[in-house]
1. Just name the residue that is surrounded by the most Cβ atoms within 10 Å (Cβ to Cβ) out of those in region 208-246 that are modelled with pLDDT of 95 or more and of a type in the set (Lys, Arg).
2. Can you tell me which residues in region 352-406 are in contact with a helix residue (DSSP H, G or I) (Cβ under 6 Å, 6 or more places away or on another chain), more than 23 Å from PRO304 (Cα to Cα) and assigned to a helix (DSSP H, G or I)?
3. Quick test for you: out of GLU268, GLU252, GLU290, pick the one residue that is among the acidic types (Asp, Glu) and in contact with a helix residue (DSSP H, G or I) (Cβ under 9 Å, 6 or more places away or on another chain).
4. Check ARG293, ARG259, ARG279 and return the single one that is within 20 Å of the chain's Cα centre (by Cα) and touching a residue at least 40 places away in the same chain (Cβ under 8 Å).
5. Kindly establish whether TYR476 is open to solvent by 80 Å² or more (accessible area, probe 1.4 Å) and either more than 28 Å from LEU143 (Cα to Cα) or touching a residue at least 12 places away in the same chain (Cβ under 8 Å) (or both).
6. Select, from GLU290, GLU274, the only residue that is surrounded by fewer than 24 Cβ atoms within 10 Å (Cβ to Cβ) and out of contact with any strand residue (DSSP E or B) (no Cβ under 7 Å at 6 or more places or on another chain).
7. List the pairs whose first member sits in region 433-455 and is under 19 Å from ALA473 (Cβ atoms), whose second member is open to solvent by 100 Å² or more (accessible area, probe 1.4 Å) and hydroxyl-bearing (Ser, Thr, Tyr), and whose Cβ atoms are under 9 Å apart, counting only residues at least 6 apart or on separate chains?
8. Looking at region 356-381 only, could you name the residues that are over 23 Å from the mean Cα position of the chain (by Cα) and in contact (Cβ under 8 Å) with a residue 24 or more places away in the chain?
Amino acid sequence: MPGSATVSETCLPTPDKRASPMSDATYKTIDGNEAAARIAHRVSEVIAIYPITPASPMGELADTWSQRGQSNLWDTTPEVIEMQSEGGAAGALHGALQAGALTTTFTASQGLLLMIPNLYKIAGELVPAVVHVAARSVATHALSIFGDHSDVMAARQTGMAMLASGSVQEAHDLALVSHAATLRSRVPFLHFFDGFRTSHEVAKIELLADEVVRAMVDDDLVAAHRQRALDPDRPVLRGTAQNPDVFFQAREASSPFHRAVPQLVQAEMDRLAELTGRRYSCFDYQGHPEAERVMVVMGSAAGPAAEAVEHLIAADEPVGLVTVRLYRPFDVAAFVATLPSTTERIAVLDRTKEPGAVGEPLYLDVVAALAQQWDGQPPPAVIGARYGLSSKEFTPRMVMGVFDELALASPRRELTVGIVDDVSNTSVAYEHHEWHEPESVTRAVFYGLGSDGTVGANKNTVKIIGELTPLYAQGYFVYDSKKSGSRTVSHLRFAPDPIRSAYLVDEAGFV
């Protein structure tokens, strides 16, 4: 049955100002890559790496920590191995897992594509593992080092569970949920967050204490993983070639494991909430309890979308927002239950383009979910929109433009958001909307040249204010792909409350 949650019950998770129930809160100002890598290093024994932008800092940090002798939860130093390609890193990941080691890797874009053959094997063999991805554009008509979901969407058929983070705090928290849930479910996880927009955003977050991580990682499940390792003293047969008489049956045998993943992930999220006060769901709803128009997003778009929804609700607009966290397996019942029963129209926003398809991946999942599960006729009408390819800006004004389209008598089925499309005429007008950030937020913009020290100085400023004052701090840095000598722009925000604004500053109080 579609749900009907209230606004107060359904706020997106934000850093809790209270101390963690298990320990005094420790705040640190770090970027999304470090937020994920801190967890990965603490719960791994082998880390196979190969650098690729924008995921490289995760491997670099893990390597640095191991070189310093920094230990994991079990007082051993993770072995960090740099291979000669991402394919090699995935092969090392697979081999270490078969030997019973807790193993992880980091990648993006073409690097993830090179791992796909091994990901099929790892998922097919039901081996617990986590691959952390700073999601980035896959090269098509041109190469781009910037972020969207085209790489992770290319891996959605592998059988990996896919968990999306939308902020630096979430990259930290859901990295731990991924490592805990993969041990419990035996299904490997692909934990991803938006390249640059989250991976390189510097923000003040509450760190997970070692006792919280220990409470989430079950040593009995670690021991069970060890027992399944290949061992000449306990021989088992794996990696066979099968004929038509048994392959289909064996392929279907994994279905119960995948069906169990959503419930297990939610259980780990609930356990994290008990330990930290930060609550997540596989699908989170925010908005009017009787919303008629609802937007569905995944990743860092949730921040600006949430701000726009709150603005529209204050203007008596019956709108809502569903943030997708567990994308694979897609829990149809949980998704439909998240929607208010009053929902009439839905806009699904995808951060990828799949030429020739009926619609983008998340759009197709939503349409199928409503066809299967919606109780009542007719189900809500659904439109699809593409946004944010190659880190193109996505702002609250754009969200309002999509809601305007949903309110039309005959909304278009396919939209593009954030560009002017005068070829196919699919773009949404949004410039007429007025939007101002709260007065409580201090905003500053610094212009510089690549390698002149401006970005480094501003990162230090964000960290000083974030760690030495009660304020929350955010820094995002716009680089040109030409790097050294080209223009850089540093966008800084400081506020007494957590900052969700995952878009550039356009009303700076200081330049």
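1. ARG228
2. Hits for region 352-406 are ALA369, GLN372, GLN373.
3. Details: GLU252 fails: in contact with a helix residue (DSSP H, G or I) (Cβ under 9 Å, 6 or more places away or on another chain); GLU290 fails: in contact with a helix residue (DSSP H, G or I) (Cβ under 9 Å, 6 or more places away or on another chain).
None of the others qualify; the one that does is GLU268.
4. Numbers: ARG293 fails: within 20 Å of the chain's Cα centre (by Cα); ARG259 fails: within 20 Å of the chain's Cα centre (by Cα).
Just one listed residue meets the conditions, ARG279.
5. Judged against the criteria, TYR476 is not a match.
6. Details: GLU290 fails: out of contact with any strand residue (DSSP E or B) (no Cβ under 7 Å at 6 or more places or on another chain).
That would be GLU274, the only listed residue that is surrounded by fewer than 24 Cβ atoms within 10 Å (Cβ to Cβ) and out of contact with any strand residue (DSSP E or B) (no Cβ under 7 Å at 6 or more places or on another chain).
7. THR454/TYR447
8. LEU370, GLN372, GLN373, TRP374, ASP375, GLY376, PRO380, ALA381
The values are calculated or read from the model by the stated rules, or taken from the named source; none is laboratory data. Note that the structure is predicted; figures quoted are calculated from it, not measured. Reconstructed Cβ throughout: ideal geometry from the backbone, glycine too, with neighbour counts over all protein chains shown. Just the protein is used for accessible areas: all its heavy atoms, side chains included, with ligands, DNA and RNA removed. Shrake-Rupley method; radii C 1.70, N 1.55, O 1.52, S 1.80 Å.
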